[in-house]
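Undergrad: Got a structure for you, questions after.
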């Protein structure tokens with residue numbers, strides 16, 4: 001028995017004591033307990049002097065700037081407090097509704113690490129060319145995104161405008177092929193450093209959050225050659241409001257797929273950092289996809305090693321995302337570009353309507369779970385967004 005009165009605070013539910021994701025609500029730093037939040041500032045005295053300052057902050061920034069030993073110490077103490085039969089002095093549960101972007105986003109990098117997704121997009125965008133470009137199996141392909149438009153789950157997304165290819169040259173206007181990408185994001189922490197090895201990557205990743213990389217496919221198809229995504233991606237990226245600690249995913253670790261060719265030494269892992277995450281994508285309350293993260297070709301450790309091998313720094317609050325998560329089957333595709341095969345195969349929704357790309361008023365919800373200790377289920381908090389008409 002625990003003093004927390006919430007039917008979802010059990011190991012059978014994604015946000016029981018096995019998960020304890022961190023976020024920020026009106027009361028400050030909090031952890032999610034079932035369908036509620038536990039603010040930590042009112043119970044800061046229960047953590048001791050070293051941790052009290054971190055849990056009393058207005059954001060996760062000070063916590064991210066700490067290190068893994070402190071993260072582990074805080075998690076262990078939290079687990080003691082939330083599973084006790086008596087509430088700590090000053091404890092009071094609060095609703096999740098005031099959750100906001102919980103940390104200051106530094107640099108943002110988006111990768112392209114699902115071979116299934118990359119091959120599908122290659123076939124759609126380059127039907128007469130190779131599905132995969134020669135570098136794909138040798139390095140984690142990525143691009144540097146726009147940190148200033150990373151928004152918290154629940155924020156509406158305004159349909160972007162831009163150039164797209166027309167019959168007689170480029171035309172300008174709202175995107176007519178607005179899409180999603182179901183991704184997993186990694187929130188960095190620890191000391192500022194450059195050149196992080198695969199073996200040290202876990203010391204620089206505080207936790208994990210779902211990401212929706214909204215994408216304007218018509219703008220992308222026109223602009224992306226030769227330098228890659230720009231306006232098609234930079235208008236909005238949604239991230240979950242609650243950050244699941246990396247430590248909560250210890251039982252979800254799996255070996256990634258075998259590489260297609262020998263890797264250069266800096267990308268070789270001495271331990272497996274594939275993750276068995278099961279994603280689910282709902283479009284207007286219809287489940288349309290179940291992407292499997294375990295099928296990703298590159299792990300977060302390899303991504304971080306590649307991202308910093310040239311001397312680029314990693315800092316607390318930096319965010320990098322996996323790229324679209326897709327599996328080999330149609331029902332495992334993590335973007336609507338793939339689900340509709342470039343708009344040629346409409347997706348049927350349960351209200352009787354059909355879609356190829358997003359229409360104004362459409363809502364998308366991405367959720368995910370992972371195996372936890374002793375048969376429990378670890379959750380990644382949902383990332384939700386609704387499309388609004390172009391301004």
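Undergrad: Can you name every residue in region 336-348 that is part of a loop (DSSP other than H, G, I, E, B) and surrounded by 15 or more Cβ atoms within 10 Å (Cβ to Cβ)? Give the derivation first.
TA: Here is the first cut: in region 336-348, the ones part of a loop (DSSP other than H, G, I, E, B) are 340-346.
Within region 336-348, 340, 341, 342, 343 qualify.
Undergrad: Is it fair to say residue 171 is within 30 Å of residue 96 (Cβ to Cβ) and either in contact with a helix residue (DSSP H, G or I) (Cβ under 8 Å, 6 or more places away or on another chain) or assigned by TED's automatic domain parsing to the domain that holds residue 327 (or both)? First the steps, then the outcome.
TA: Numbers: within 30 Å of residue 96 (Cβ to Cβ): no; either in contact with a helix residue (DSSP H, G or I) (Cβ under 8 Å, 6 or more places away or on another chain) or assigned by TED's automatic domain parsing to the domain that holds residue 327 (or both): yes.
When the stated conditions are applied, residue 171 does not pass them.
Undergrad: Report the residue count in region 227-281 for those that are in a strand (DSSP E or B) and either buried (at least 19 other Cβ atoms within 10 Å of the Cβ) or not assigned by TED's automatic domain parsing to the domain that holds residue 328 (or both).
TA: Total satisfying the criteria: 10.
Undergrad: What do you reckon, is residue 215 over 29 Å from residue 359 (Cα atoms) and either surrounded by fewer than 24 Cβ atoms within 10 Å (Cβ to Cβ) or in the same structural domain as residue 265 (by TED's automatic domain parsing) (or both)? First the steps, then the outcome.
TA: Working: over 29 Å from residue 359 (Cα atoms): no; either surrounded by fewer than 24 Cβ atoms within 10 Å (Cβ to Cβ) or in the same structural domain as residue 265 (by TED's automatic domain parsing) (or both): yes.
Considered against the rule, which asks whether it is over 29 Å from residue 359 (Cα atoms) and either surrounded by fewer than 24 Cβ atoms within 10 Å (Cβ to Cβ) or in the same structural domain as residue 265 (by TED's automatic domain parsing) (or both), residue 215 comes out as no.
Undergrad: Answer with yes or no whether residue 210 is within 30 Å of residue 66 (Cβ to Cβ), in contact with a strand residue (DSSP E or B) (Cβ under 8 Å, 6 or more places away or on another chain) and in a helix (DSSP H, G or I).
TA: Details: within 30 Å of residue 66 (Cβ to Cβ): yes; in contact with a strand residue (DSSP E or B) (Cβ under 8 Å, 6 or more places away or on another chain): yes; in a helix (DSSP H, G or I): no.
Taking the combined requirement at face value, the residue does not satisfy it.
Undergrad: Moving to a separate point now. Tell me which residues, restricted to region 302-319, are touching a helix residue (DSSP H, G or I) at 6+ places or on another chain (Cβ under 6 Å) and under 26 Å from residue 180 (Cβ atoms). Before the answer, list the steps.
TA: Taking region 302-319 and keeping what is touching a helix residue (DSSP H, G or I) at 6+ places or on another chain (Cβ under 6 Å), we get 302, 304-305, 309, 314, 316-317.
Correct list: 302, 304, 317.
Undergrad: Does region 323-335 contain at least one residue that is in a strand (DSSP E or B) and touching a residue at least 12 places away in the same chain (Cβ under 8 Å)? Working first, answer last.
TA: Initially, region 323-335 is screened for residues in a strand (DSSP E or B), giving 335.
Subsequent filtering for residues that are touching a residue at least 12 places away in the same chain (Cβ under 8 Å) retains 335.
Yes, there is a match, as at least one residue in region 323-335 is in a strand (DSSP E or B) and touching a residue at least 12 places away in the same chain (Cβ under 8 Å).
Undergrad: For region 21-47, which positions are surrounded by fewer than 16 Cβ atoms within 10 Å (Cβ to Cβ) and over 20 Å from residue 10 (Cβ atoms)?
TA: 26, 41, 45
Undergrad: Restricting the search to region 59-73, which residues are part of a loop (DSSP other than H, G, I, E, B) and under 19 Å from residue 27 (Cα atoms)?
TA: Going residue by residue through region 59-73, those that are part of a loop (DSSP other than H, G, I, E, B) are 59-60, 65-67.
Matches in region 59-73: 59, 60.
Undergrad: Another question about this same structure. Take residue 363 and tell me if it is touching a strand residue (DSSP E or B) at 6+ places or on another chain (Cβ under 7 Å), without any contact (Cβ under 8 Å) to a residue 24 or more places away in the chain and farther than 24 Å from residue 143 by Cα. First the steps, then the outcome.
TA: On the way: touching a strand residue (DSSP E or B) at 6+ places or on another chain (Cβ under 7 Å): yes; without any contact (Cβ under 8 Å) to a residue 24 or more places away in the chain: no; farther than 24 Å from residue 143 by Cα: yes.
No, not satisfied.
Undergrad: Identify, please: which residue in region 48-61 is touching a strand residue (DSSP E or B) at 6+ places or on another chain (Cβ under 9 Å) and closer than 20 Å to residue 315 by Cβ and is, among those, surrounded by the fewest Cβ atoms within 10 Å (Cβ to Cβ)?
TA: Taking region 48-61 first, the residues touching a strand residue (DSSP E or B) at 6+ places or on another chain (Cβ under 9 Å) are 54-60.
Okay, now just the ones that are also closer than 20 Å to residue 315 by Cβ, so 54, 57-60.
Values: 54: 21, 57: 16, 58: 11, 59: 17, 60: 24.
Among them, the one singled out is 58.
Undergrad: Right, something else. Criterion first (at pLDDT 95 or above and in a strand (DSSP E or B)) does residue 82 satisfy it?
TA: Values: at pLDDT 95 or above: yes; in a strand (DSSP E or B): no.
It is false that residue 82 is at pLDDT 95 or above and in a strand (DSSP E or B).
The values are calculated or read from the model by the stated rules, or taken from the named source; none is laboratory data. As the structure is a prediction and not an experimental result, all values here were calculated from the model. Positions of Cβ are backbone-derived with ideal geometry, glycine not excepted, and every protein chain shown enters the neighbour counts.
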